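The block underneath contains the structure these notes are about, expressed in structure tokens.
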Amino acid sequence: MSQTSRALSPFGTTIFATMSRLALEHDAVNLAQGFPDFDGPAFIKQAAKDAIDHQPNQYAPMPGLPALRKAIAARFAADTGVACDPDAQVVVTSGCTEAVAAAMLGLCEPGDEVVLFEPFYDSYRACVAMAGAVPRYVPLRPRYESGPNGQRRIASFDFDPAELAAAFVTLRAGARTRAVLVNTPHNPTGKVFSRAELAQIAALCVRHNALALSDEVYERLLFEPGTHPHIPLATLPGMAERTLTLSSLGKTFSLTGWKVGWAVGPEVLVAAVRAAHQFLTFSVPTPLQHAAAVALTREGEAVPALLATLREGRDALAGALEALGFVVHVPAGTYFICADHTAVSARLGVSGDQAFVLELIKRCRVAAIPPSVFYNDTSLGTSLVRFAFCKRAETIAEGIKRLQALGDRR
Ligand code: GLN
């Protein structure tokens with residue numbers, strides 16, 4: 001019999017662990033779990049090696065190494081125009097995942113309501129549960145359109161402003177909407193929230209005196225910065241004083257295994273995150289923090305090459321999927337493509353995203369993610385499938401070759 005607590009037992013094993021295990025079992029090309037199959041820049045790895053050899057390898061200060069906090073604060077101020085005191089307004093965490101957990105645990109009382117967009121990154125809902133808070137869901141729904149050559153596309157994933165407003169009205173009288181958790185650019189859809197959308201979120205936060213937790217780990221992974229720029233939520237009117245901005249090293253520098261993340265925001269909010277962080281992990285590996293400080297001050301040496309690789313992967317995979325009969329969303333950000341698989345799965349005689357990804361792994365030896373696990377109302381996600389394209393060109397090409405076993409579009 002399971003010994004797992006009531007709070008956590010509904011969530012089972014994360015889909016990323018499950019799919020990566022299946023990918024190994026089937027010797028599949030892993031386009032499921034979002035991690036690069038190439039390494040981060042040599043100069044950052046060298047900085048970590050130097051730190052191991054030449055710096056103390058003992059606990060870092062609980063809030064983070066001063067040099068790294070300084071780099072994070074300077075970068076945040078440059079990105080947002082919002083002043084940031086590295087001593088009081090930054091905390092370094094074990095990846096953004098710990099920042100989300102520590103923010104929930106540090107800021108929520110049992111019964112507080114937290115607004116989540118669905119699909120959501122799977123840890124959000126578990127963190128809300130661990131904090132004893134109550135999730136309120138706002139769906140992002142695919143909007144279909146005809147593309148330039150008449151092919152169907154998913155143009156965007158949109159929320160209904162009325163549904164968003166309703167989610168801020170508490171279920172119980174006397175309860176409070178404590179926070180909204182925003183993720184832009186958004187995993188799994190690849191959506192980059194527009195200024196107008198963020199303004200609606202901001203207005204509701206101000207009206208209901210709610211906080212915002214903004215997971216911006218994909219902030220640099222943008223393909224159409226002219227038309228779909230990343231807008232930090234903290235830059236919207238009234239938001240700097242109520243937003244915790246969460247980010248990490250992993251996505252920007254292809255160092256997901258380092259698990260270096262952070263939270264930045266007003267002193268009182270950061271104090272609450274630190275209150276939880278000190279008892280969750282206490283501190284983050286010291287040498288990696290030294291190297292992270294180097295990475296953040298030399299971003300220009302890393303990001304353009306990564307973006308070029310990702311753009312090629314995105315375009316190759318999107319084109320191939322479309323040719324196979326998927327209705328594709330070409331993402332403006334992140335390294336994920338969400339596509340409607342229903343025409344393809346109908347051809348194969350399977351229905352639903354779970355059955356489809358199992359068929360895909362068996363028939364093609366390609367692993368993908370079934371997005372229904374990212375929804376409270378799972379029916380909203382069953383027509384979709386998520387592919388990660390943060391992979392070398394050879395890996396994407398091999399994946400595309402194997403996908404041909406799905407047969408021609410008819
Ligand atoms: N963020 C990655 C993804 O969405 C997975 C992270 C993890 O495996 N925990 O695929």
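Measuring between their Cα centroids, segment 141-180 and segment 76-107 lie 26 Å from each other. By the compact-protein rule of thumb, 2.2 N^0.38 Å, the alpha-carbon radius of gyration of segment 7-122 corresponds to a ratio of 1.41. Measuring max minus min along each principal axis, the C-alpha atoms of segment 269-374 give extents of 53, 34, 26 Å (largest first). Remark: segment 36-42, residue by residue, has Karplus-estimated 3J(HN,Hα) of x, 9, 10, 9, x, x, 4 Hz, where x stands for each Gly or Pro and the curve is 6.51 cos²θ - 1.76 cosθ + 1.60 at θ = phi - 60°. For segment 331-410, what is Rg from Cα atoms divided by 2.2 N^0.38 Å, rounded to two decimals? Against the empirical 2.2 N^0.38 Å value, I get 1.08 for segment 331-410. Relative to the dominant Cα principal axis of the chain, helix 303-324 is inclined by about 30°. A Förster radius of 41 Å combined with the Cβ-Cβ distance from Glu312 to Arg141 puts the calculated FRET efficiency at roughly 0.90.
Here's how it looks for Thr93: its modeled amide H is under 5 Å from those of Gly261, Trp262, Ala263, which are all 5 or more places away or on a different chain. Relative to the longest principal Cα axis of the chain, at what angle does helix 267-280 sit, 0 to 90 degrees, rounded to 10? Tilt relative to the chain: about 70 degrees. Note: segment 99-241, Cα convex hull, 111 Å³ per residue.
Check the straight Cα-Cα distances from Lys401 and name the lysines below 21 Å, setting aside those fewer than 8 residues away within the same chain. Qualifying lysines at Cα under 21 Å: Lys362, Lys391.
For the pair segment 30-53 and segment 192-266, the centres of their Cα atoms are 24 angstrom apart. Note on Asp87 and Arg6: with the Förster distance fixed at 45 Å, the Cβ-Cβ geometry gives a FRET efficiency of about 0.70. Among the aspartates and glutamates, which fall within straight-line cross-link reach of Lys49, defined as a Cα-Cα distance under 18 Å, with same-chain neighbours fewer than 8 residues apart omitted? Leaving aside aspartates and glutamates fewer than 8 places away in the same chain, those within reach of Lys49 are Asp39. Under the simplified labelling scheme, the Gln354-Glu224 pair shows an inter-label distance of 3.4 nm, with each label point 7 Å from Cα along Cα→Cβ. Each peptide in 237-244, 304-311, 178-185, 189-196 was scored by the mean count of other Cβ atoms within 10 Å over its residues; highest first, the order is 178-185, 189-196, 237-244, 304-311. All alpha carbon pair distances within segment 1-48 were sorted into 5 Å bins beginning at 0; the resulting P(r) in whole percents reads 5, 16, 16, 12, 12, 15, 13, 6, 4, 1. For the chain, the extents of the C-alpha atoms along the principal axes are 60, 58, 53 Å, listed from largest to smallest.
For segment 163-239, the spherically averaged projection of the C-alpha convex hull amounts to 5.4 nm². Principal-axis analysis of the Cα atoms of the chain puts helix 15-25 at an angle of about 50° to the longest axis.
Every number in this text was worked out from the coordinates using simple rules, so none of it is lab data. None of these values were measured; they are calculated from a predicted model. Heads up, the Cβs are rebuilt from the backbone with ideal geometry, glycines too, and the neighbour counts pull from every protein chain shown.
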